[in-house]
1. I'd like the residue in the range 94-106 that is within 16 Å of the ligand (Cβ to nearest atom) and in contact (Cβ under 8 Å) with a residue 40 or more places away in the chain and, out of all such residues, is surrounded by the most Cβ atoms within 10 Å (Cβ to Cβ).
2. Tell me which residues, restricted to the range 1-23, are more than 32 Å from the chain's Cα centre (by Cα) and basic (Lys, Arg).
3. Of all residues in the range 215-234, how many are under 30 Å from the mean Cα position of the chain (by Cα) and either within 17 Å of Gly172 (Cβ to Cβ) or of a type in the set (S, T, N, Q) (or both)?
4. Just to be sure I understand the filter: pairs with C-beta atoms under 6 Å, separated by 6 or more residues or on different chains, first member in the range 495-508 and among the β-branched types (Val, Ile, Thr), second member outside any helix (DSSP H, G or I). Which pairs pass?
5. What residue, among those in the range 118-131 that are over 11 Å from the mean Cα position of the chain (by Cα) and within 16 Å of the ligand (Cβ to nearest atom), is surrounded by the fewest Cβ atoms within 10 Å (Cβ to Cβ)?
6. What residue, of Leu77, Leu43, is surrounded by fewer than 24 Cβ atoms within 10 Å (Cβ to Cβ), away from the ligand (no atom under 13 Å from the Cβ), assigned to a helix (DSSP H, G or I) and of a type in the set (A, V, I, L, M)?
7. Looking only at the range 159-192, which residues are within 14 Å of the ligand (Cβ to nearest atom), in contact with a strand residue (DSSP E or B) (Cβ under 7 Å, 6 or more places away or on another chain) and within 15 Å of Ile240 (Cβ to Cβ)?
8. Looking at (1) away from the ligand (no atom under 16 Å from the Cβ); (2) buried (at least 24 other Cβ atoms within 10 Å of the Cβ); (3) of a type in the set (D, E, K, R), which one does Lys24 not meet, given that it meets all the others?
Amino acid sequence: MTSREQHDRMANAIRFLSMDAVEKANSGHPGLPMGCADIATVLFTRFLKFDAKAPHWADRDRFILSAGHGSMLLYSLLYLTGYEDITLDQIKHFRQLGSRTAGHPEYGHAAGIETTTGPLGQGLANSVGFALGERIMNAAFGNDLVDHYTYVLAGDGCLMEGVSQEAIALAGHLKLNKLIVFWDNNNISIDGPVSLADNTDQVARFQASGWNASHIDGQDPEAIAYAIEAARHSDKPTMIACKTTIGFGAPTKAGTNKAHGSPLGADEIAGARKFFGWDYPPFEIPADILDAWRTAGKAGAKPRTDWEGRLAKAEPKLKAEFERRIAGKLPANFDAVIADYKKKLAADKPKVATRKSSEMALEVINGAVPETVGGSADLTGSNNTKTSQTKNITADDYGQRYVHYGIREHGMAAAINGLTLHGGLIAYGGTFMCFSDYARPSMRLASLMGIRSIFVMTHDSIGLGEDGPTHQPVEHLAALRAIPNHNVFRPADAVETAECWQLALESEKTPSTLALTRQNLPTVRNDFVAGNLSRQGAYELAAANGDAAVTIFASGSEVEIALAAREALEKHGHPTRVVSVPCFELFDKQSADYRNKTIGNAPIKIAIEAGIRQGWDHFIGTDGIFIGMTGFGASGTIEQLYPHFGITAEATVKAAEARLHG
Ligand SMILES: Cc1ncc(C[n+]2csc(CCOP(=O)(O)OP(=O)(O)O)c2C)c(N)n1
């Protein structure tokens, strides 16, 4: 049992590492670590199940610092408990280029950083995916292998962000009782007191969303421990409202927004040293305190080796499956399953919407890949994300594979990231492509983190018809393609859709968006090709009869139009080739030779896509012809809309011939 004095000194180690690192970097947020040091100390020394020497242990408890601006809290904890990635040198190089201790915690920079946080609310919303992932994996593999908690530290900012409501409502609905959130209830944000902008009764809000929630003194170790203990036995998720003082211990700045986002300054830090009786120079932690922290960092070694023993003794098939899934590797027969399916498609030549093709591909994939978890933000029947294998996950049955996320696109995307980061699962979820805007902050973080989240975006153009311009994406393909490390797939038919799904599943370090149509499309890939042609991002679908005078590039639903235009141009004596472009990003990764050959040197280059031009000059040059949208769409039938906006084979032929003859 830690004495109060020992606890205080351990907490002060966090406080001073944070103050001194922020001071040295001349940048950062000391206030949160100073106020939350007690919460962190109680959690990490008495409750959190972790082994600093085996930070990837699959059954560890997760700790998510949703208030990412308080990154020094996490870095201090990782250093003190002995994670190899965070040395004292890293602490001294807080926020410096190339160090692991980035401004905000970044997934992949160091073990122990479970997710990237900083955009407020994201960590809290990710945690719903983590906690749900734990339950799904528990249902699949049992208590012996999967039984851990997800702890979150969130600030006022996290709770003010809209995504927090989506997240807490979903967690409450699903009764994720192993999710425990500490709210750093310090009444301060950047502009000043929280009361400038908010008077929400947060405890009542959480309770109304199906949580346990109560107030405690967040700087009283026993109150913190008592609340955690109660939370661990709850049948609901728990929010502990921890009253703290931001910048606790700083003589004049404590309790004010001055302790938030900048170094405290030498005088304040000297005052804090006096206040806490901390006589050590910057970055020096007394040996007994470092020892105590290192002991806490090792406390999980025994549970971890016990767990390894259970895994070793598990039924061999179950063990192998668990290990495969945690490693993120697809089943060995995956490629063969896709190849067989592509053979069938080549024979059947279905004329269906790519959203339907996606469902057909998923029916095959979900049969072969048990770790997929599907879902939709209340558009299941439109997104075609549900297959025969994926029944509803409910609070009474986590052993299923489909999440009804409700009308919560942002919360869904954040939860998908959490499910993905948890490990052992491949998560995908759908909405209308126009509403990718609502999910975008989390989609961007998936890209920044480099993880395999999959976003299914149907109704990908004016082709959706009568719902009109509020629902018709125009700039969204370009906007999603603008996100670095994000594969945007826009398949043209059932074969390409199967290939794009294959690529999305294989892509361990790049998230994917599949842009899919509402309208039916013919099969344009009529011959079976064993290889995945979409892998190159763009490929010649139809060659020219002779030296090409025209090359038409198109994606998705407009490939059909490109092929019709080609036929007419060929008839008129103009050799024309068509290049299908299912994925810009993969095309950019090909060799210069392949790219040059695919782009070719036909004098006239045309691109057709029912979106804006941005990005297409890459293929057609600034002097190329673009057939697509220049503004918002309109409400009408698809038969009216394509001619109305001039996206037709006739318009393409006319534009080409005007150049050819001009
Ligand atoms: C989405 C988003 N908006 C704005 C910010 C900028 N920001 C960082 S911290 C902060 C204030 C947060 O207040 P609180 O959660 O109370 O943290 P505390 O000041 O108590 O540490 C803001 C607005 C951000 N990081 N993310």
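1. Here the answer is Pro105.
2. Result: Arg4, Arg9.
3. So the count comes out to 2.
4. Val495/Arg525; Thr497/Pro491
5. Ranking the candidates gives Gly118 first.
6. After applying the criteria, what remains is Leu43.
7. If the condition is that a residue be within 14 Å of the ligand (Cβ to nearest atom), in contact with a strand residue (DSSP E or B) (Cβ under 7 Å, 6 or more places away or on another chain) and within 15 Å of Ile240 (Cβ to Cβ), then Leu159, Val181, Phe182, Trp183, Asp184, Asn185 are the ones that fit.
8. That leaves (2) as the condition not met.
The values are calculated or read from the model by the stated rules, or taken from the named source; none is laboratory data. The model shown is predicted, which means the values in this text are computed figures rather than measured ones. Heads up, the Cβs are rebuilt from the backbone with ideal geometry, glycines too, and the neighbour counts pull from every protein chain shown. Only protein heavy atoms, including side chains, enter the accessible area calculation; ligands, DNA and RNA are left aside. Shrake-Rupley method; radii C 1.70, N 1.55, O 1.52, S 1.80 Å.
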